[in-house]
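Comments concern the structure below.
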């Protein structure tokens with residue numbers, strides 16, 4: 001499986017992680033759950049390197065003279081992005097929550113699948129420590145028998161999951177793939193039949209997307225996707241696959257409870273347009289109800 005991953009001439013600066021890629025324990029793991037994600041700076045000191053890696057990753061964005069323009073854009077944006085992270089506490093919480101999710105996941109797997117236990121999660125971030133390379137090195141040191149590469153992005157995109165898979169290919173480009181490790185992969189799960197029920201079911205009612213009785217028929221399901229550059233939207237498949245996920249939620253909620261879903265690009269014109277349309281529809285509805 002690893003041999004099918006490939007990359008074309010990508011070079012990123014590498015730093016060494018200063019902490020473990022997974023919760024430490026004395027049990028030798030049999031199965032590794034490798035949790036792929038973009039990651040986010042834990043502190044504002046990491047913002048500059050984080051932006052540098054994003055702006056020089058040609059899977060994420062392609063620029064002319066990228067080796068020079070990418071770092072320049074990153075340096076210009078660093079101070080403004082630092083301010084944004086200060087507004088939410090000084091850093092991204094994604095490492096904390098990925099570790100919490102990984103611990104709960106492996107505990108459940110140990111109970112459900114004792115034949116492949118013990119399970120251990122490994123955080124594999126693309127742009128901040130712990131990096132994908134650090135996770136793979138730790139997996140080899142731990143001597144696991146199986147490694148499940150688990151993308152944390154529901155929809156597949158070459159700018160997100162694809163970039164992380166290419167990082168794995170880069171890692172094994174000039175070194176031996178461990179023969180004692182069986183690799184498998186979960187690269188997308190946005191339309192998995194169990195996802196929509198888990199978001200809409202009775203056991204998640206407090207945080208469910210299912211509208212209250214008084215709001216049924218007037219609720220709107222807006223599926224927001226990460227911002228994609230217009231020149232490569234079709235290459236990244238984001239709108240189509242986000243639409244499929246939104247459609248599965250709509251079917252689970254029921255057409256009588258919600259209006260048809262809309263796909264909005266986060267931070268882009270589509271999100272603004274969707275908000276304006278929904279506001280106009282809401283005003284029309286309120287005016288009609290006021291006149292009756």
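Can you tell me which condition residue 52 does not meet? The list is (1) within 26 Å of residue 162 (Cα to Cα); (2) surrounded by 14 or more Cβ atoms within 10 Å (Cβ to Cβ); (3) assigned by TED's automatic domain parsing to the domain that holds residue 171, and all the others hold.
Against the list (1) within 26 Å of residue 162 (Cα to Cα); (2) surrounded by 14 or more Cβ atoms within 10 Å (Cβ to Cβ); (3) assigned by TED's automatic domain parsing to the domain that holds residue 171, residue 52 comes up short only on (3).
Do the conditions hold for residue 71, that is, is it assigned to a helix (DSSP H, G or I) and either without any contact (Cβ under 8 Å) to a residue 60 or more places away in the chain or surrounded by fewer than 18 Cβ atoms within 10 Å (Cβ to Cβ) (or both)?
Spelling it out, residue 71 is indeed assigned to a helix (DSSP H, G or I) and either without any contact (Cβ under 8 Å) to a residue 60 or more places away in the chain or surrounded by fewer than 18 Cβ atoms within 10 Å (Cβ to Cβ) (or both).
Looking only at strands (runs of 3 or more DSSP E) that lie completely in the stretch 82-189, which have at least 3 residues being within 17 Å of residue 32 (Cβ to Cβ) and out of contact with any helix residue (DSSP H, G or I) (no Cβ under 8 Å at 6 or more places or on another chain)?
182-186
The values are calculated or read from the model by the stated rules, or taken from the named source; none is laboratory data. Because the structure is a prediction, the values reported are computed rather than measured. Glycine also receives a Cβ, built like all others from the backbone with ideal geometry; neighbour counts cover every protein chain displayed.
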